[in-house]
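A short write-up of the structure that comes next.
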Amino acid sequence: MVVDNLSQDEADRVFHALADATRRDILTHAITRQQSVSALARRYEMSFAAVQKHVAVLERAALITKERRGREQIVHSNPNTLRRATELLGVFEQLWVQRATNIAGLLAGEEGDQK
């Protein structure tokens, strides 16, 4: 299934990236304001290298981008990718709502047959 050019591989990378609480937190901070990887790393009780790996996963998923400014790498969020993932979830929600509606209709029809 493809939504607004979000391929299966892209969806896999996005949802894999969002499956980790630290990466979701990094993304939240990147959405709130641009900041360096170093500034992000100071927020966590893990090595700088570990934070860099989390940032790399988010970058591969296109949820963030990095921009080099001098010696620092500034992290920016990419709202377009998050919007596309939200649209994909919306498609799944519509499928489940339709399924529940169909089941409710079947059950209502059965109740009407019993009366």
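If you go through the stretch 72-90 and keep only what is part of a helix (DSSP H, G or I) and either over 25 Å from the mean Cα position of the chain (by Cα) or loosely packed, with under 14 Cβ neighbours inside 10 Å (or both), you end up with 79, 80, 83, 86, 87, 89, 90.
When residue 10 is tested against the conditions (1) within 22 Å of the chain's Cα centre (by Cα); (2) acidic (Asp, Glu); (3) exposed (fewer than 11 other Cβ atoms within 10 Å of the Cβ); (4) modelled with pLDDT of 90 or more, the lone failure is (3). Total residues in the stretch 30-54 satisfying the condition of being closer than 12 Å to residue 77 by Cα and touching a Lys or Arg at 6+ places or on another chain (Cβ under 7 Å): the figure is 0.
Note on the stretch 39-52: residues that are surrounded by 14 or more Cβ atoms within 10 Å (Cβ to Cβ) and in a helix (DSSP H, G or I) amount to 5.
For the residues 56, 30, 19, 85, the requirement of being within 20 Å of residue 6 (Cα to Cα), of a type in the set (Gly, Ala, Ser) and touching a residue at least 24 places away in the same chain (Cβ under 8 Å) singles out 85. The set of residues in the stretch 26-58 that are out of contact with any helix residue (DSSP H, G or I) (no Cβ under 9 Å at 6 or more places or on another chain) and under 22 Å from residue 84 (Cβ atoms) comprises 28, 32, 34, 56.
Out of (1) over 18 Å from residue 13 (Cα atoms); (2) part of a loop (DSSP other than H, G, I, E, B), what's the single condition that is false for residue 62? All conditions are met except number (1).
The values are calculated or read from the model by the stated rules, or taken from the named source; none is laboratory data. Remember, it's a predicted structure, so these values are computed and weren't measured experimentally. In this analysis, Cβ positions are derived from the backbone assuming ideal geometry, glycine residues included, and neighbour counts consider all displayed protein chains.
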